[in-house]
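Since the structure comes first, as structure tokens, the remarks are kept for the end.
The values are calculated or read from the model by the stated rules, or taken from the named source; none is laboratory data. Just so it is clear, the model here is predicted, and its values are computed rather than measured. With ideal geometry, Cβ positions are generated from the backbone for all residues, glycine too; neighbour counts draw on all protein chains shown.
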Amino acid sequence: MFGTNTMPIKLTSAERSIASDVYAHWAQSLDQYETSPDVSAFSSKFDAFLHDPTANPLSADEMAGYNLFRGKANCNSCHLDGRSTAPTPANGTAPNGEDTGAAADTKPVFTCFGSANLGLPLNPRDAIYYQNTPDFFGFTANPFGFGFRDLGLGTFLRSGPGSWASPNDDWTQFAPTSDGQMQTSSARNVAMVPPQCPTTEAPGPYFQKEFFHNGYIKSLKQLVHFYNTRDVKGFHFNVTSGHCPKGTVEKVNCWPNPEVPNNMDMTVGMLGLTDTEENQIVAFLQTLSDGFTRPYPDINTYTGVCMTGGTAATQGNNTLIPTPTPLPPCASAICGVAPLPTMPIP
Ligand code: HEC
């Protein structure tokens with residue numbers, strides 16, 4: 001916009017110092033606000049339990065879920081819970097061993113801030129696939145239509161379409177080993193809902209949410225079931241979302257192809273959890289919502305309607321729309337950029 005002029009606003013160096021100072025303080029106050037109890041409350045049932053387990057015990061199912069989260073299911077290897085993580089057994093496969101480490105004296109944030117590719121299918125409901133013509137500003141969000149693939153960290157490291165320039169050229173070489181990786185979100189507040197619809201899980205009255213970066217998963221039961229069964233023999237089908245074979249139910253006993261098969265994380269996918277154990281992990285995740293010990297004064301402002309009916313395992317399935325067949329291949333502006341992906345992305 002300003003050509004080669006890097007200082008289009010004419011300020012003296014003294015004025016520039018004042019301006020920089022204002023920006024620095026602005027950033028600091030945002031930072032302070034985000035770490036304040038208004039935003040980071042640490043007021044969940046689980047926080048109360050950590051503080052004093054005798055006075056604030058978890059229910060039997062919640063406690064069983066916590067033990068699975070940090071043990072057999074090994075969720076805490078990525079969603080750090082302030083403890084050590086379960087040792088990997090000699091054969092290196094899940095389910096992993098029991099975590100016997102001591103709890104750290106911290107407020108766990110339930111993320112390692114790292115990135116992983118969980119192998120989620122492409123979600124054809126995402127608006128981005130349809131934003132392939134100019135809007136009223138003349139801006140086209142996604143010129144590739146269904147040729148768009150979200151390579152996550154890989155696209156960022158290549159400074160690819162829709163991404164800012166990578167801040168460090170030395171990192172570009174790591175793009176092929178980062179394709180498909182998304183940042184590990186915190187598991188805190190994933191079950192937070194308005195009081196009128198007191199859960200995320202069908203039959204409800206429940207509050208419909210969408211989980212993971214592309215919203216493919218609609219309930220916490222589905223989320224845990226995905227981690228548990230993605231790689232179980234007979235659950236994966238060579239199809240895209242909306243095309244699971246007759247006799248199967250998508251997200252229950254049919255998982256379509258991953259959007260990006262490269263660099264898939266193999267510590268999850270076959271956890272050997274029973275149906276009850278899946279539900280116990282859901283019960284534990286529900287203890288991570290803030291507002292338990294210090295209720296939010298304005299929590300009652302939701303004016304929408306709650307959802308009812310169905311089961312948590314199939315919730316959201318009535319909104320499935322078929323992925324176009326054949327799915328256009330990944331656009332060369334995304335998948336054909338050096339350094340190339342380790343294997344072709346379909
Ligand atoms: C290999 C690392 C890893 C492991 C192990 C792992 N997760 Fe995750 N988790 C992630 C990543 C990465 C994301 C974000 C993925 C995305 O957005 O596509 C995530 C997201 C989540 C979210 C947030 C979803 C949202 O939309 O807010 C929850 C809840 C969650 N995981 C629960 C679990 C549970 C329960 C387990 C154990 C059964 C588990 N995770 C094991 C890496 C991991």
Open item on the list: So, in the range 130-170, how many residues would count as being aliphatic (A, V, I, L, M) and outside any loop (DSSP other than H, G, I, E, B)?
Closed with: 2
Open item on the list: Pairs please, first residue from the range 203-229 and on the phi > 0 side of the Ramachandran plot, second anywhere and away from the ligand (no atom under 11 Å from the Cβ) and assigned to a loop (DSSP other than H, G, I, E, B), Cβ atoms under 7 Å, 6+ apart in sequence or on different chains.
Closed with: Gly204/Cys197; Gly204/Cys306; Gly204/Thr308; Gly215/Asp126
- [ ] Only residues in the range 107-126 that are over 21 Å from Arg188 (Cα atoms) and assigned to a loop (DSSP other than H, G, I, E, B) count as the first member; pair them with residues that are among the acidic types (Asp, Glu) and near the ligand (Cβ under 8 Å from one of its atoms), Cβ under 8 angstrom, at least 6 apart or cross-chain, and list the lot.
- [x] Gly119/Asp265
- [ ] Filter the range 48-71 down to the residues that are without any contact (Cβ under 8 Å) to a residue 40 or more places away in the chain and either under 16 Å from Ala104 (Cβ atoms) or among the basic types (Lys, Arg) (or both), then identify the one that is nearest to the ligand (Cβ to nearest atom).
- [x] Arg70
- [ ] From Gln173, Gln196, grab the single residue that is assigned to a loop (DSSP other than H, G, I, E, B) and over 22 Å from the mean Cα position of the chain (by Cα).
- [x] Gln196
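When only residues in the range 199-225 that are in a loop (DSSP other than H, G, I, E, B) and more than 14 Å from the ligand (Cβ to nearest atom) count, which is nearest to Pro124 (Cα to Cα)? Please lay out each step first, then the result.
Let us first name the residues in the range 199-225 that are in a loop (DSSP other than H, G, I, E, B), namely 200-205, 207-210, 212-216, 218-219.
Next, from what is left, pick out any that are more than 14 Å from the ligand (Cβ to nearest atom): 202-205.
On the way: Ala202: 23, Pro203: 25, Gly204: 26, Pro205: 27 Å.
Looking at residues that are in a loop (DSSP other than H, G, I, E, B) and more than 14 Å from the ligand (Cβ to nearest atom), I get Ala202.
Matching residues to (1) modelled with pLDDT under 95; (2) within 11 Å of the ligand (Cβ to nearest atom); (3) part of a loop (DSSP other than H, G, I, E, B):
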{"position": "Thr248", "(1), (2), (3)": "no, no, yes"}
{"position": "Val252", "(1), (2), (3)": "no, no, yes"}
{"position": "Pro261", "(1), (2), (3)": "no, no, yes"}
{"position": "Thr267", "(1), (2), (3)": "yes, yes, yes"}
{"position": "Thr276", "(1), (2), (3)": "no, no, no"}
{"position": "Gln280", "(1), (2), (3)": "no, yes, no"}
{"position": "Leu285", "(1), (2), (3)": "no, yes, no"}
Open item on the list: Taking the condition of being more than 16 Å from the ligand (Cβ to nearest atom) and under 22 Å from Cys330 (Cα atoms), how many residues in the range 105-123 meet it?
Closed with: 0
- [ ] Go through (1) surrounded by 13 or more Cβ atoms within 10 Å (Cβ to Cβ); (2) of a type in the set (D, E, K, R); (3) within 24 Å of Thr229 (Cα to Cα) and name the single condition Asp275 misses.
- [x] (1)
Task: Among (1) in contact with a Cys (Cβ under 8 Å, 6 or more places away or on another chain); (2) away from the ligand (no atom under 14 Å from the Cβ), the one test that Thr293 misses - done: (1)
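Based on what the data block shows, is Thr314 surrounded by fewer than 16 Cβ atoms within 10 Å (Cβ to Cβ) and away from the ligand (no atom under 13 Å from the Cβ)?
No, not satisfied.
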Open item on the list: Would you confirm whether or not the range 226-238 contains a residue that is of a type in the set (Val, Ile, Thr), more than 16 Å from the ligand (Cβ to nearest atom) and more than 18 Å from the chain's Cα centre (by Cα)?
Closed with: no
